[in-house]
1. In nm, to one decimal, how far is the Ala741 label point from the Lys306 one, both placed 7 Å along Cα→Cβ?
2. Which residues in the range 751-776 have a backbone N closer than 17 Å to a point placed 7 Å from the Cα of Ala724 along the Cα-to-Cβ line?
3. Could you give each residue of the range 461-471 its phi-based ³J(HN,Hα) in whole Hz, using Karplus coefficients 6.51, -1.76, 1.60 with θ = phi - 60°, and x for Gly or Pro?
4. Roughly what would the spin-label model give for Thr639 and Leu760, points 7 Å off Cα along C-beta, in nm?
5. Would you mind checking the pairs Lys182/Lys323; Lys88/Lys134; Lys205/Lys263 and listing those with alpha carbons more than 29 angstrom apart?
6. Assuming 0.36 nm per residue, please report the length gained on full extension of the stretch Met316 to Asn366 beyond their Cα-Cα distance.
7. How many nm is it between the label spots at Asn489 and Ser324, if each spot is 7 Å from the Cα in line with the beta carbon?
8. Output wanted: per-residue J couplings in Hz (rounded whole) for the range 692-702, from phi through Karplus 6.51 cos²θ - 1.76 cosθ + 1.60, θ = phi - 60°, x for Gly and Pro.
Amino acid sequence: MHRIIIPLLLLALIPFTGQAQQNPKYITITGKILDSDSGQPLEYATFVLQKADDPNQVTGGITDPSGSFEIETAPGTYNIRVEYISYKTYARDGQTYNSSIDLGSIRLSPDVAQLQEVEVVGEKTTVEVRLDKKIYNIGKDITTSGGNVSDALNNIPSVSVDVEGGISLRGNDNVRILINGKPSALAGFGSTDVLQQLPADAIEKVEVITSPSARYDAEGTAGILNIVLKKEKTLGINGSVNATVGVPFNARTTTNFNLRTDKFNIFNTLGYFRSESPGGGRFDNTYLSDASEFDRIIEDRDITRKNEGFNVNIGMEYFLTEKSSVTGSFFYRWSDENDLTENDNQRFADGSLNSRTFRSEDQGENDNSYQVSLNYTNNFNDDGHKLTADFQYSYDDESVFTEIQENNVVPNQNLLALENINEIQTQDDILAQIDYVLPMGEAQFEAGYRGTFEKEINDYQLDTLNQGTGNFETNLDLTNVFTYHENVNALYTQYGNKYGKFSMLLGLRLENTQMKGSVDSEIDSEALEEILGEDVDLNFDKNYLGLFPTVNLIYEISETANVSVGYNRRINRPRGWFINPFPSRSSRTNVFQGNPDLDPAYANAFDIGYLKRWKELTFTSSVYYQRETNSFERIQEETGELTSDGIQIIRSIPINLSTNQRIGAEAGMIYSPVKWLRLNSSFNFFTFKTDGFFNGVDYGTENSSWFARLSSKFTLPAKIDLQANSFYMGPRQNAQTKDKAMFSLNLAMSKDLFKDKATLSLNVSDVFNSRKRRSFTQTPTFTSDSEFQWRQRQVNLSLIYRFNQAKERNNRQNQERQGDFEEGEGQF
């Protein structure tokens, strides 16, 4: 409210004697007021003209929502001044104007001293709508305080995170995860495990990109989730410290430090965590064929996880000139994880308990990752004409040692098997990109190149104890070294323009993908054919060239409503472990085998959206359709082999099915009926159909499902906030498995302390301990009824302390003026 009232009071005292006159002797002074760091327009900034020879003669004006001003005045010499609350005053004396002039863009810098004294009430919008994305600012979500990135993503509309940390967008798990717009070691090179190690408070916003523009990778048929990390833009020294303790044991400390001057910006984040995360499950398998000695096996599973890790991100942005800068950063992550899984197996024959075994799997993983990034940015002018260049190198080294021991308990106690699995996986990633943006009046043209070059080596060795000799022997049928290369070169261009109420963004991306794989193993060719099957190419080199168009349109029905239409074509490339032909096993009875014959899947997606704002309510909705060809599906089948004690060995393998069609609708609502209450809800319904055959079996299926969220936040006196987030996942199924519905609830409370420099938060994740996956799988030869819980209920207590950073608080008047959604006019 300061930004509205103060400028109006100032202007009420200014005698605008010259503005209404139409005397040709008067001139017009125009320009724009922008934030020096973000380039965003500053609305309600004041521009003051004071006669140099007569200080009592003052005129001026305020800026509109685009930051523009236009003032009529007599020719002469003036002292000018631009003011905006919490920003340094811009002043120039003795400026002579004898004819109309456009001053261009005037950039204001934040004033650290004012920020320490004034409570900043301008809260960022919760959601911003752009031509190709929705941007969710999640910094105010106290239910994720002390949590990780996966916890934060699980509160984003359209996004769901399953009990094992798998991320899906609109029910589709083929989603591309980016950090600051790029594939990154911070995101685990496509794996979501790393996201459970990074703190949620490091995130500034999440961009949900369901209709990606041409500048983004074509990878990910569901779309893209771009996680944007915080980067302080305030001048001076500032930062924060966040400490968390929790039950089950969870200790986490994160520090952010920033030093910014007019010439450089140094930023640093340090994080350390240590946690214990218990889980478990129950699996009831019934065998329908006569191949197995047993007709039923019940497995009770307990899981204990002990994880410890450290990460550091340090960088510096150096301003070469007022319009160009170079940024370099280094990221390193180390983690030591230990998972102990204990299985109690009851085996039945003819309906009676036949035997009982106890199996333990002790897995230790040591992970080291680092990433070096360089960026060059040259802003040719203040209108968006710029050139950027990026280079990034990432390296990841994972060493995993797993000891699997299985013992008979009933009727006799003896050792069944003892196995050691050694797995070393290394991955090198290189990214190079150059991007050029050229504004053309209301229009904007963009073109660029991006190349990603990946090398992955997976060294897998299985050693089995020979009980006769007492020595471990290497299983040559499964031991191998698999090397995989994936090189993607892309050229892209896009054009955006605005015609009155109509905005468009058209793009085209040309991508060439090379996928190469080779296997090094001591097994002979005949044995390989028996294990892997006929016509399996161990050394392959595939090349794909594709065009990926995008079309995004918005029509503004009114100032408070618009309709959007989007189309894009996407690709889903199989990852290295999906095409590694050698089986790897997590138990003696279950193996996973990659499929080198997998081809990329392609998808065409259409989206129609509608947005409407009222005074207290914002409503957004969309209807979408996607058709994917050669879609991946992981199926289970018998191998025809038995363990030494007569149990069938089941194989899981990914295949290309014929098609996958998905139709859905989603709606979201943000409602603030009173100042102290804020409701945020979303609903997503989708139906999908797959069809295809493999080894003579029809794996086609058709199913509908839905999920919904409701978040409510209460602001109480004494700067206390309460928040509740609930999530419901409807039942769903694929070709073989039906998943039951799931509900979870998170609660949180926070209190500001020490003049808003600190915030104490208490939150409970999964209050009812109900976040469990309950599934039923049926095949012609066996059925499996299971319940699995990745992580039990978690309680966290967090304290964050900020120095030289203002605590942003809710401002209803600002929300009424801006709304909770922004169309992003002129932003492409």
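FYI, it's all coordinate maths here, none of it is from the lab. These numbers were taken from a predicted model, which means no experiment stands behind them. For neighbour counting, all protein chains shown are included, and Cβ atoms are generated from backbone atoms with ideal geometry for every residue, glycine included.
1. Each label point lies 7 Å from its Cα, and together they span 4.1 nm.
2. Inside the label zone: 762-770.
3. For the range 461-471, the Karplus curve yields 9, 10, 10, 10, 6, 8, 5, x, 9, x, 10 Hz.
4. Roughly 5.6 nm, to one decimal.
5. In this structure, Lys88/Lys134 lie more than 29 Å apart at Cα.
6. 15.1 nm
7. Taking the simple label geometry, Asn489 and Ser324 are separated by 2.7 nm.
8. x, 10, 8, 6, x, 9, 7, 9, x, 7, 9
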